[in-house]
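Read-outs throughout are calculated quantities, based only on the coordinates presented, and are distinct from any laboratory measurement. Only a predicted model underlies this, so the values are computations on that prediction, with no experimental measurement involved. Heads up, the Cβs are rebuilt from the backbone with ideal geometry, glycines too, and the neighbour counts pull from every protein chain shown.
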C-alpha cells in the first residue's frame with residue numbers, strides 16, 4: 001500500500017514524468033537522460049532512484065553501463081488505478097437505483 | 001450488471017467528475033439524497049445529521065463490529081430540490097483536507113435521470129491519494145476475509 005502511494009508521488013513530479021516519457025521509446029543511460037534536463041546531474045540521479053524504487057523504471061546492466069527501461073506493467077497499474085474507485089461508486093449507485101425502484105412501487 | 005458510472009480524472013487537475021445515468025425519475029433520484037433513511041441504506045452508513053438547506057450541516061458515521069470505522073461531515077452550501085446540492089465533505093480523523101462537491105440532478109426522460117458529481121480537491125496529490133483509498137479498503141476487506149477463514153480453521 002505504501003508502495004502504491006509512492007508510485008503516485010513519483011509521477012506527481014514533472015521532471016520524473018518527463019523522464020518516463022523519454023525512456024518510453026528506448027532504454028537510456030543516466031547520462032543520456034540527464035542531458036535532456038537543465039537540472040544538476042545528482043538531482044536527475046535522485047529522480048532515477050525514486051522511479052527505480054517504485055518499479056516504474058527497470059535498470060539493466062550492459063557492460064559498464066546501466067540502461068533504464070520503462071516498466072510497462074507498472075504503468076498499466078496506474079492506468080487501472082481509477083477502476084476500484086469507480087466500482088465502489090457503481091455499487092453504491094446500483095444499490096440506490098434498486099432501492100428507489102422498490103420505493104416507487106410502494 | 002452493466003457498469004454505468006463514469007469517472008473523469010484529468011491528469012494534473014485537482015478535480016474529479018463522476019457521472020451516472022439512472023432508470024429513475026429525477027424526483028426519486030433526488031429523494032435518495034434527501035431522505036436520511038434512504039441515504040443510510042445505499043451509502044451503508046449511519047446518518048447522524050442531514051440538514052437539507054442552505055448553511056445546513058451533515059454528518060455520517062460508519063461502524064463495523066461496534067467500532068466507528070469512518071466518519072465524515074460537511075456543510076450544505078446550496079440545496080435546490082431536484083436540481084442541485086453543493087456541499088463540503090471532510091473525512092474525520094484523516095489527513096485529507098475538506099473537499100467541495102457539486103451535485104447536479106438532471107431529468108433525461110420521465111423515467112430516467114442523470115447525476116453529475118464534481119469534486120474539487122485541495123491539490124492534485126490529494127485527489128490521487130483519495131482515488132487509491134477504495135483499493136486500500138478492498139485489500140483490507142480481503143485480508144479480513146482471509147483472517148475469518150483462517151480463524152475458522154483453528
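Name the residues of the range A:31-54 whose amide N is less than 14 Å from a point 7 angstrom out from the Cα of residue A:22 along the C-beta direction? Only A:31-52 pass the distance filter.
Spin-label pair residue A:88-residue B:89: with each label point 7 Å from Cα along the Cα-Cβ axis, the two points sit 0.9 nm from one another.
Compute the separation of the alpha-carbon centres of the range B:82-105 and the range A:5-63 and state it in Å as a whole number. The range B:82-105 and the range A:5-63 have Cα centres spaced 37 Å from each other. Other protein chain C-beta atoms within 10 Å of residue C-beta, averaged over A:20-32: 0.
Modelled spin-label separation between residue B:46 and residue B:17, with each label point placed 7 Å from Cα along the Cα-to-Cβ direction: 3.8 nm.
Residue by residue along A:98-104, Cβ atoms of other protein chains within 10 Å of the local Cβ number 6 on average.
Per residue of B:28-38, count partner chain C-beta atoms within 10 Å of its C-beta, then hand back the mean as an integer.
3
Take A:98, B:94, B:71, B:113 and order them by how many other Cβ atoms sit within 10 Å, fewest up front.
The order, fewest Cβ neighbours first, is B:94, A:98, B:71, B:113.
The relative contact order of the range B:10-125 comes to 29 percent, based on Cα pairs under 8 Å that sit 6 or more residues apart. Label separation (residue B:106 vs residue A:62): 5.1 nm, computed from points 7 Å beyond Cα along the C-beta direction. P(r) tail, the range B:10-125: Cα-Cα pairs separated by more than 18 Å, 56% of all pairs. The packing ranking, built from the mean of other Cβ atoms within 10 Å per residue, places the peptides B:25-35, B:78-88 in the order B:25-35, B:78-88, highest first.
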